[in-house]
Every structure is written in C-alpha cells, then in structure tokens.
Amino acid sequence: MPIRILSPEVASQIAAGEVVERPASVVKELVENALDAGARSVAVTIAAAGRTLVEVADDGAGIPAGELSLAVERHATSKLAHADDLFRIATLGFRGEALASIGSVSRLTLTSRPADASAGARLRVEGGNLGRVEEVGAPVGTVVRVEDLFYNVPARLKFLKQDTTERRAIDALLTRYALAYPQVRFRLAEGEAPSLQTSGDGDRRAILAALYGVETARQMLDVTYEEDGFRLGGFISPVALTRSNRREMTFFINGRWVQDTPLNTALLQAYHTLLMVGRYPLAVLFIEIPPEAVDVNVHPAKAEVRFRDPDKVFSFVQRSVRKALLAFTPVPQVTPPSLWGRTETVRPPDGRPQVDAAWVLGHQDGDISPASGADQSPASMPQASIESRQSSIPNIPLLRLVGQIGATYLVAEGPDGLYLIDQHAAHERVLFEKLMALHGEKRLSSQALLTPVNMQLPPAAARLLEAQLPALEHFGFQVEPFGPNGYQVRAVPALFGNADPAAALRALVEDFEEDEAPLQAELEARVAGRVCKRMAVKAGQSLSPDEQRALLTDLEACASPRTCPHGRPTMIHLSVDMLERQFGRKGAR
Ligand code: ADP
Ligand code: MG
C-alpha cells in the first residue's frame, strides 16, 4: 500500500482511543473538567454501566456560548497558553483533547451557562460532527451528556467488560476522586438511588467508608507529613490489616490519580518486614509537590507522571509512611489506664507524647493484650504526624528469660524493662521464618507419617485443596486424593514433627475460600503462614524451661520478631521508665 495521510475521521478515532478506553475514562475526563471549572458539586448519572449514558453535571464556571464549538475542537483548551506552562500545570486537564475525543466516538450534548450569562447554550456532537449552538434555559454550570459510547466504533465495544466490571471501574474512580476532593459534593447514580453521595464538608474519613466499608475504614491510620515543600496526607492500613493484592494502593499527586507509579514500591518498602510475604497494605495517599517538580505530560490519559527528582519523592514517601507506621506499631507498650486504673498519659523523658495509642488495653478482664484498631473511634485516632521515638525497627534486644505464666506467656527481662511474649504468636513467627528460609534454599525435608491421616472435605473445599496440592508439596506435604472429596496425608514438613496435619489443611482451605485466586508466591507464603499457625504451640500449653529458652532464642534470630506472620504482635513491652512512673519513683506522682 502506498503511504497516505489518514482521513480526519480515522485520525480522530485513533486519538480518541488513547483517551477514551471505557465508560470510566469518560467519567474521569468529565469529572476532571468539572473540578477544573471550580465545581462545588459534581453529579454523575450513568445508564447500562455507562455504555448508553454518562452524564456529568457541575455547578462550575461554565462555558460562554461563543466558545462551545471550540471546546469540542481538538487541541482547544482554556488551561494552557504557552509551551512553558506545560511545566507548571495546576489544572487536571491541559491537552484540550477530551471533549473532542469523546465527541468523536459517541453522541455528545454539551449544555452550559456561565454565571454572568442570562441563558444557557447547547451544542450536540455526533460521531465528531458538530451541530449548531442553540440557546436553552439552564442552571449555571455545565452538563455534559455522553450517549451511546462507541456506537460508531463497534470494535471498541467488543473490548468492554461485563457491566459489573465497568460499573465497578466507575465506582472506584469516583470514590477516589471524592476522597481526593472532600470539599466537593459528589453523587453517582445509575437509576434513582445514588450509589455514592458525599457531603462536601471536607471530612475524608466519612468518604473512606464508601471506599473500604465502615469496619476497614475505621482501622485505617491517618498520615500527615510535610517536608520542605512536599506534603503527604491520607490513610494507610495498620500492619494487621492487609490485602492479598496490590489493588488498594492509591496515589494522588497534586490532585491527580496516578497509577503504576514507583511510589507503590516506596509504600511497600515502608512496610518492609512488617507484613507477611505476599500481603499488601491499603493506602490512599495524597501528595502535594510543587507543579514544576512533576511532568504530567507523559501519558495520554494522564495516569502516569514523571518526577524531576524521582529519588527525592520516593524517599519522602517511604520515610513519611514508615514514620507514621512506626508511630502506630512499636512493640506495644502498656499504657497505664486500664492496667492500673489511672487515666494519665505517659510521657517519655523528652516530653513528647507517646504514640502507642493504637494499642488499647482490654477493659473487662485487665488482659494485657493490644486490642484491635476496631475498638477505637476515629476521633481518638492519634495523628501519625507525631514523630515516633524509634527511627527504625531494631531487632529485639537480648532477653533474659524469667519464666512462663498462665501456660501462655513468657516473661523476659531486657535492657529496658519487661517483655511479655505470646508463646503462640512467637512460635508462629519462628516456624514461619524457618519454613520460608528452608523453602527458599530448597532444603525442606518431609517426614512420613507412621499412620497416614484421612480427611473428608465438602466438594467445593476439595476442589480448592486439589488446586493447592503442588504448593503443599513444595513445603514437604504429601497429600493424595483418597476417594471422592477425600484426601490422605502421608507426609508433613519435618519441621512440624507430629502435630495434627488434617486440621492445618482444613484451616488452609477455609482461608482460600475467603479470597479468590491468590498468586503463586503469595499463595506459598499463605500456605506457610497457615500451616505455622496450626503447628505452633498453643496458648495453655506449658513449656519446659528448655523449650521456653529455645523459643526466645529462635525469636531473637527472626528478621521480624515483633509480629506473627499475620501481623499480630508477639510481645508487649513495659519499659523501665513506665514502671518507675507507675510506682511513683519518677514524675509527678
Ligand atoms: P482540557 O480539559 O484539556 O482543556 P477538554 O477537551 O477536556 O480539554 O475541554 C476543553 C475546554 O472546554 C476546557 O479547556 C474548558 O475551557 C472547557 N470545559 C470543558 N468542560 C468544562 C466544564 N465542565 N466546565 C467549564 N468549562 C469546561
Ligand atoms: Mg479536560
């Protein structure tokens, strides 16, 4: 074929392809336009998951009637005048492409009225063809109605996913924008009842519940941090709250949602050693940096950005998250209130408040266990911006064993006070690290059972286990199908001696049922975590002094001795300082 210049229709469809991939991309562009126009309220209405209708109505600045046709032209924008401006972009849009692109692959109706106009104006675009501008009655602001997306590009239509998937993409998008712009009222509705509605009162926590559900939202920790011109705000999950995939890590940079950023890695590094292998944090982080420090003009849908100094941003995020996290995840220190019935805040010698409030003691039984974040009201969430006294998580100090209490906890003395160690959690951690290390070195040996153990499972669970057999084999299990829905366990990892393997496998299957399809690596870590939980010594099991000492020594050797593989703490620390205050040797009392 000879070389030819493409017809304008084909060229514009190609260009549109970069910007408009699915209904959610239309929502994104229109919402960004509304926000750029200074809207205080953004109402999105969709039908058929956005295939037949996406309408975005805002109360922003509006477009003068005389500029309506320009607005839908390619490379026509009010947000950029000079090439230099590209390097200090403060608006979400700047390419002047969105409306043109959307108009070329749908039936678009643009209705708008600026505050100073006595009437509104309307323009229709169909498959890229502009109609005439008509005067209409309209409220101040803009309504963009996009009907029959891709009606003229059937090939694109075929790439759309199921309605539920497309709808989920729109939900996810709008919820995140709502969170990024808490001062703006957002509404999303398909039919009458809105699926998302925010108040615009600036309260991010309330919106967080729409993203994660009330329970999870309540556990999320606040982060606010500032360092020479860089600002970070938002929410991160405590180490005990994780997901099996990376999907819940969201970053906004200067009000723009960016995906696939190296910042994901910075976030993961901040959690390093605190999470079990294959578990990922949840985070919604809003980063503000000077516009000239970031190039937003690198991706057609503006979903990626480039930093002028990537290392600086990277380490800023990593350090701030780590600090926030440590502020919430020290070895839980016992705060006096419920243990000794006082309600006074312990202050370390330098006078800064202690930041261990995320660990609240049980109230009913005087139990010295850190309660989950769920027991806290959002209002009592300490601000993570308070600097932690720890700059990194050191390994635990050498401990001197004092003994075992309640056949459940070990008591030990360290250089700075008393440590209570949960024997089950500690043993879980020890087994997990040993197992993963041996697994990594391919030195796992298995030990045949004298009497093979038979187990029956419900059909669905049996299918699940069947799929996991190869992973189990890696860890030294030998499990074979034994009749319909039945299995016979013939060998277990040598590390486990003679604990009950059937119980461990059953627990494993339950765990799989909760979560759909874990990836191989994380699956193995999960198998290991589960199995260790089952094999670890239980609370209530008395240990000989030698066993107690061995457990302590093993724990000291762990890379992450402070949490069990599921993120719960293995130990509680009562510092000398705190003891002295409690006994009135020091401080005001
Ligand atoms: P860009 O946002 O990159 O400028 P668009 O194609 O999205 O390009 O929009 C073109 C122009 O139309 C914008 O620059 C803006 O002036 C105007 N416009 C679009 N949507 C709105 C809106 N909701 N309210 C006010 N003006 C708008
Ligand atoms: Mg735009």
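The values are calculated or read from the model by the stated rules, or taken from the named source; none is laboratory data. This structure is a prediction, so every number in the text was calculated from the model and none was measured. Here Cβ is always computed from backbone atoms with ideal geometry, including for glycine, and neighbour counts include all displayed protein chains. Calculation scope for accessible area: heavy atoms of the full protein, side chains included, ligands and nucleic acids excluded. Shrake-Rupley method; radii C 1.70, N 1.55, O 1.52, S 1.80 Å.
If the condition is being within 13 Å of ligand 1 (Cβ to nearest atom), touching a helix residue (DSSP H, G or I) at 6+ places or on another chain (Cβ under 8 Å) and at pLDDT 95 or above, then the range 103-119 contributes LEU108, LEU110, SER112, ALA117. Checked against (1) touching a Ser or Thr at 6+ places or on another chain (Cβ under 6 Å); (2) open to solvent by less than 70 Å² (accessible area, probe 1.4 Å); (3) free of Cβ contacts under 8 Å to residues at least 60 places away in the same chain, GLY128 passes all but a single condition, namely (3). Counted as qualifying within the range 133-228 are the helices (runs of 4 or more DSSP H) with 2 or more residues that are within 17 Å of SER41 (Cβ to Cβ), namely 163-180, 204-212. Kindly evaluate ALA48 against the criterion of being free of Cβ contacts under 8 Å to residues at least 40 places away in the same chain, more than 7 Å from ligand 1 (Cβ to nearest atom) and either surrounded by fewer than 16 Cβ atoms within 10 Å (Cβ to Cβ) or closer than 22 Å to TRP257 by Cβ (or both). Answer is no for this residue. Among the residues of the range 89-99, those identified as modelled with pLDDT under 95, near ligand 1 (Cβ under 9 Å from one of its atoms) and of a type outside the set (Asp, Glu) are THR91, LEU92, GLY93, PHE94, ARG95, GLY96, ALA98. Just one of (1) of a type outside the set (Phe, Trp, Tyr); (2) within 24 Å of ASP85 (Cα to Cα); (3) open to solvent by less than 60 Å² (accessible area, probe 1.4 Å) fails for GLU304. It is (3). For first residues located in the range 83-95 and under 13 Å from VAL305 (Cβ atoms), partners that are near ligand 2 (Cβ under 8 Å from one of its atoms) and part of a helix (DSSP H, G or I) and lie 6+ apart or on another chain with Cβ distances below 7 Å form the pairs LEU92/GLU32; LEU92/ASP36.
Looking at SER101, SER118, SER112, can you tell me which residue is farther than 21 Å from SER41 by Cβ and surrounded by 22 or more Cβ atoms within 10 Å (Cβ to Cβ)?
Only one candidate passes the filter, namely SER101.
When GLU134, GLU147, GLU97 are checked against the criterion of being more than 35 Å from the chain's Cα centre (by Cα) and of a type in the set (Asp, Glu), GLU134 stands alone in meeting it. Which of the residues belonging to the range 57-74 are touching a helix residue (DSSP H, G or I) at 6+ places or on another chain (Cβ under 8 Å) and either of a type in the set (Asp, Glu) or over 12 Å from SER112 (Cβ atoms) (or both)? Those that are touching a helix residue (DSSP H, G or I) at 6+ places or on another chain (Cβ under 8 Å) and either of a type in the set (Asp, Glu) or over 12 Å from SER112 (Cβ atoms) (or both): ASP58, GLU73, ARG74. When LEU211, LEU274, LEU221 are checked against the criterion of being modelled with pLDDT of 90 or more and either open to solvent by less than 10 Å² (accessible area, probe 1.4 Å) or of a type in the set (A, V, I, L, M, F, W, C) (or both), a single residue qualifies: LEU221.
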